[in-house]
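What follows is a short report on a single structure.
The values are calculated or read from the model by the stated rules, or taken from the named source; none is laboratory data. Since we're looking at a predicted model, the values are computed, not measured. We place every Cβ from the backbone using ideal geometry, glycine too, and count neighbours over all the protein chains shown. For the accessible areas, the whole protein counts, side chains as well, though only heavy atoms, and no ligand, DNA or RNA atoms are used. Shrake-Rupley method; radii C 1.70, N 1.55, O 1.52, S 1.80 Å.
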Amino acid sequence: DAGVIQSPRHEVTEMGQEVTLRCKPISGHDYLFWYRQTMMRGLELLIYFNNNVPIDDSGMPEDRFSAKMPNASFSTLKIQPSEPRDSAVYFCASSESSGASYEQYFGPGTRLTVT
Amino acid sequence: QKEVEQNSGPLSVPEGAIASLNCTYSDRGSQSFFWYRQYSGKSPELIMSIYSNGDKEDGRFTAQLNKASQYVSLLIRDSQPSDSATYLCAVNMRNAGGTSYGKLTFGQGTILTVHP
């Protein structure tokens, strides 16, 4: 299996620009998670989906952040407009609920730098 | 009180020693427990899952679970410099209705350094 795929791996943008991060979960997984990781705050859950439906977006920092999952094999996290404090590594992870194990597998991450 | 708490690090052990990483959690009804390893600049990697009380061994790694004490640990035997990483404890907790959220709650991580 290819694992969770994320793109781009690195993104450098200027403050005020729109940023779109992409994720392809592991085939057959019905949960998808978006995390943000910084040295100061550690690993934070932003939002997660079950069967393409957003279940909990309470971790989304503010209205500048939005996420979609139009189908079982693709999700996006968008930041508009971006700010320097959004600089972080963004991870996508997926899991399956069958067997109730909920083991999550992470993608390689997108390192975002907003200047 | 944090929902998932790990022993504060960093933890430094000599090569060949046993490294012991500890984690406590707040939800007594939690059923699934995980240890992730994260190398600097990389993503978290699942290394152990445990669901029942007792020990689970996989190579040099042993996960221990005590649900009565709400405690889960990871032992690394014969520690190697390549084990130097941040170790994250994660727990699948329940929602207010008593069913699983589907999400994992992560601890803050413990940095382990194994020195030659």
TODO: Please state which one of B:G9, B:G16 is within 28 Å of B:H115 (Cβ to Cβ) and away from chain A (no Cβ under 14 Å).
DONE: B:G16
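State whether the residues of segment A:71-93 include one that is among the hydrophobic types (A, V, I, L, M, F, W, C), open to solvent by 30 Å² or more (accessible area, probe 1.4 Å), more than 15 Å from B:S49 (Cβ to Cβ) and more than 11 Å from every other protein chain (Cβ to nearest Cβ).
yes
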TODO: Filter segment A:51-70 down to residues that are assigned to a strand (DSSP E or B), more than 23 Å from A:V114 (Cα to Cα) and open to solvent by less than 60 Å² (accessible area, probe 1.4 Å), then give me how many there are.
DONE: 2
- [ ] Residue by residue through segment A:94-115, note down the ones that are open to solvent by 10 Å² or more (accessible area, probe 1.4 Å), over 17 Å from A:S7 (Cα atoms) and either within 11 Å of chain B (Cβ to nearest Cβ) or modelled with pLDDT of 95 or more (or both).
- [x] A:E96, A:S97, A:G99, A:A100, A:S101, A:Y102, A:E103, A:T115
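Residue by residue through segment B:48-66, note down the ones that are within 12 Å of chain A (Cβ to nearest Cβ) and open to solvent by 30 Å² or more (accessible area, probe 1.4 Å).
Passing the criteria: only B:Y51.
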Task: Total residues in segment A:8-33, condition under 16 Å from B:K42 (Cα atoms) and open to solvent by less than 50 Å² (accessible area, probe 1.4 Å) - done: 1
